[in-house]
Amino acid sequence: RCFLLTGWAQSSGRWKGLPRLELRLLAQNNCSCESSGGRFALPFLRQVRAIDFTKAFDAEELRAVSISREQEYQAFLARSRSLADQLLIAPANSPLQYPLQGVEVQPLRSILVPGLSLQEASVQEIYQVNLIASLGTWDVAGEVTGVTLTGEGQSDLTLASPILDKLNRQLQLVTYSSRSYQANTADTVRFSTKGHEVAFTILIRHPPNPRLYPPSSLPQGAQYNISALVTVATKTFLRYDRLRALIASIRRFYPTVTIVIADDSDKPERISDPHVEHYFMPFGKGWFAGRNLAVSQVTTKYVLWVDDDFVFTARTRLEKLVDVLERTPLDLVGGAVREISGYATTYRQLLSVEPGAPGFGNCLRQKQGFHHELAGFPNCVVTDGVVNFFLARTDKVRQVGFDPRLNRVAHLEFFLDGLGSLRVGSCSDVVVDHASKVKLPWTSKDPGAELYARYRYPGSLDQSQVAKHRLLFFKHRLQCMTAE
């Protein structure tokens, strides 16, 4: 549940009768997290679990960390915000025509500014307009006879003429030059005439530099060349029997696809396979550190992430996942993981962050679901987080990265890091099997499995859980989260 209503918003007659959702939008930022009522989880009843990240600190440390976090947050805003983020309201019935968006210039370069004109209904002796910039200067690419220019090469340019048509022709030749080197910012410029003023932004940035991969697919109508397009990546720790079973299952369907393994076992074993790249790490280096290492060695357009205890079957059709990424703007698409019981999970998660009161931090909301179906792909949807079996654009995964401070229990944190930049989908009909974790009572004990379990499944009070909560509190400026 989220508490965003203030007493003012509830009692003010101005907002009387508005639904709760609209009142939440009008209220001041003041989110909080609360679990659903009741001590017992009832079947088929939605349960909400709340985690208070502030509990990872004692009172004195929390005060100090909160102050430090706020300082870092303000520095982050200073680095990441630009004038392009400023709210601009278009005036009503302005005679000024100007570009609302789409004007862009490279740092220290010049452009013609499109769309400037004066639409004046009344006749005037002199038609005059003025342009003011803060990060650049104005000039003209050519002069129109009958137009007076004042301030060429400066940040304040005035154009005047007794003939409106000539003034508008001169406005078509106005140039803007970036004079302050900033790799990614914006200049909010002012455009005015008698009694009217408007503002619009000119983006100042380098154009995106593409990272392209040579085409590797077969002619249209044939299957994709998976070995040329996809690298399988996994992180292993102690479970070499499961790892070898995974590799054997992959080879049944994709004999030559490259498999990259990051391994932080204490006594590493060699894997013999001509298409396997096996990288060793210090013992217990960690889950996300291993994912970073594995992904860093991928040279193909796509990377398929799998756990080391998965098993490929005839339903593990990587061609479907490749097709989704080839034909949509998605960056990552997950499949489904089937347990020994026959149940398959996609772990589709919706993530959102609600603003909190100043100094307290925001609230993370997590719940199962998806945004909408993916057009043209049955059984596929658009969501925010998926199960730990996904195909992704290699460059996008590297861009988001895996925080190596999360060394044991982490998954959704990757999608939280990518929220807002990583476009995620999920297809339930591409399925990989999960090796059974069910331990039959008459089978012999496996010391390696027991050691793995102690590292992999720490208790709620384990230091790795506390460390994760402390990290989320500071890194993402969160005070708490709820999960449904």
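My understanding is that a pair violates if its Cα-Cα distance is over 32 Å; which of LYS55/LYS367; LYS367/LYS475; LYS320/LYS475; LYS320/LYS367; LYS55/LYS301 do that in this structure?
Values: LYS55/LYS367 22 Å; LYS367/LYS475 21 Å; LYS320/LYS475 36 Å; LYS320/LYS367 26 Å; LYS55/LYS301 42 Å.
Beyond 32 Å: LYS320/LYS475; LYS55/LYS301.
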Calculated from backbone phi, Karplus (6.51, -1.76, 1.60) coupling profile of region 128-135 in Hz, x at Gly/Pro: 9, 9, 9, 10, 10, 10, 10, 10
Shape call, region 215-325: gyration tensor on alpha carbons, a/c limit 1.5: prolate
Hey, what do the phi angles of region 153-158 turn into as Karplus ³J(HN,Hα) couplings, whole Hz, using 6.51/-1.76/1.60 and θ = phi - 60°, x for Gly and Pro? x, 10, 7, 10, 10, 10
Karplus 3J(HN,Hα) series, Hz, for region 233-250 with 6.51 cos²θ - 1.76 cosθ + 1.60 (x for Gly, Pro): 10, 8, 10, 10, 8, 6, 9, 6, 5, 5, 4, 5, 5, 4, 4, 4, 5, 5
What residues have an amide H closer than 5 Å to that of VAL260, excluding those fewer than 5 places away on the same chain, when H is modeled at 1.01 Å from N in the peptide plane? VAL232, ALA233, THR234, GLU277
Could you sort 113-119, 167-173 so that the peptide with the highest average Cβ count within 10 Å comes first and the rest follow in order? 167-173, 113-119
Residues meeting the amide H criterion for CYS480 (H placed from the backbone, H to H distance under 5 Å, 5 or more places apart or on another chain) are PHE53, LEU364
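We did not get these values from a lab; they are worked out from the coordinates using the rules stated. What you are looking at is a predicted structure, and each value in this text was computed from that prediction instead of being measured. All Cβ positions, even for glycine, are placed from backbone atoms using ideal geometry, and neighbour counts span all protein chains on display.
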